[in-house]
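Q: Here's a structure for you.
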Amino acid sequence: MKKEKRQRLIKQLVSEYEIETQEKLVELLAEQDVMVTQATISRDIRELNLIKIASPKGFMIYHVSSEMPLQTDLKLKRKLQEVVVRIDYVDQLTIIKTLPGNAHVIGVLLDDLNWKEMAGCICGNDTCLVISRTRSERKILEERFNLIFR
């Protein structure tokens, strides 16, 4: 399983279960046929900005931090400035051309932001295609991207 999918599954599991330890998270992933080491989980927890909070039962559990969108927004801004070659707009489509091997990183960050103007995105090696439902929603995305590049 690719890192992005595994991390989405981790976020889902953390939302559905009260997980106290990394070992418990490894066990839950194994039940989903995802075999990972505790070291991998540790890195995923750090990258996902998971925090520990007190559960209603009084013990500490992992939780998806509400600060993540801001941090993801900053990561997207930095990554766009580092790896994007150009952005084109056609009807309801936003085409982001990146340096080779970087499109998927942009796609993951966009997915994490969950902007309502995005119906979805598809990424290859150096191109990320962002699809909007309407032309006006695509124009909002264009404004967002223009602000990031200033």
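Derivation of every value follows stated rules applied to the coordinates shown; laboratory data play no part. Model, not experiment: these values are computed from the prediction. Using ideal geometry, Cβ is built from the backbone for each residue, glycine included, and neighbour counts are taken over all protein chains shown.
Q: What's the total number of residues in segment 117-150 that are of a type in the set (Ser, Thr, Tyr) and either in a loop (DSSP other than H, G, I, E, B) or touching a Phe, Trp or Tyr at 6+ places or on another chain (Cβ under 6 Å) (or both)?
A: Number satisfying all stated conditions: 2.
Q: Would you mention how many residues in segment 1-45 are part of a loop (DSSP other than H, G, I, E, B), in contact with a helix residue (DSSP H, G or I) (Cβ under 9 Å, 6 or more places away or on another chain) and surrounded by fewer than 12 Cβ atoms within 10 Å (Cβ to Cβ)?
A: 3
Q: Quick check on segment 77-116: of everything there that is under 15 Å from the mean Cα position of the chain (by Cα) and not in a helix (DSSP H, G or I), which residue is nearest to residue 134 (Cα to Cα)?
A: Let us first name the residues in segment 77-116 that are under 15 Å from the mean Cα position of the chain (by Cα), namely 77-80, 102-116.
With not in a helix (DSSP H, G or I) added as a condition, the list becomes 102, 114-116.
Details: 102: 27, 114: 16, 115: 14, 116: 11 Å.
Once the filter is applied, the top-ranked residue is 116.
Q: Condition first: assigned to a helix (DSSP H, G or I), in contact (Cβ under 8 Å) with a residue 12 or more places away in the chain and surrounded by fewer than 17 Cβ atoms within 10 Å (Cβ to Cβ). Can you find one or more residues in segment 46-53 that meet it?
A: yes
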